Amino acid sequence: MGQGFYGELRALLLSAGCTFVRQGAGSHEIWQSPISQKRFSVPVTVASRFTANAILKQAGIVHKM
């Protein structure tokens, strides 16, 4: 499951305390961050480093890929 940066991104989200909320539309998952208190969408086919970094920013994580 997942392609590109998904595995690394998922590991970073889990280590920061983010939680999987539910399956979204298509190949997307909905996650919630305890840091930013926001819900955000994560595609399981994250092929772009730019997209992965944007997701980390939404989660309030300063780590760059």
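Brief remarks on what is shown
- Number of the exception - residue 32 against (1) surrounded by 12 or more Cβ atoms within 10 Å (Cβ to Cβ); (2) closer than 15 Å to residue 63 by Cα; (3) among the polar types (S, T, N, Q): (2)
- Residue-level analysis places residue 21 outside the set of residues that are surrounded by 12 or more Cβ atoms within 10 Å (Cβ to Cβ) and under 9 Å from the mean Cα position of the chain (by Cα).
- Looking across the stretch 49-65 at every residue that is outside any helix (DSSP H, G or I) and open to solvent by less than 50 Å² (accessible area, probe 1.4 Å), the one that is nearest to residue 7 (Cα to Cα) is identified as 65.
- Of 46, 42, all but one fail to be within 11 Å of the chain's Cα centre (by Cα), touching a residue at least 24 places away in the same chain (Cβ under 8 Å) and part of a loop (DSSP other than H, G, I, E, B); the exception is 46.
The values are calculated or read from the model by the stated rules, or taken from the named source; none is laboratory data. Remember, predicted model here, so these are calculated numbers, not experimental data. As a convention, Cβ positions derive from the backbone with ideal geometry for all residues, glycine included, and neighbour counts pool all protein chains shown. Protein only, heavy atoms only, side chains kept; ligands, DNA and RNA dropped before computing areas. Shrake-Rupley method; radii C 1.70, N 1.55, O 1.52, S 1.80 Å.
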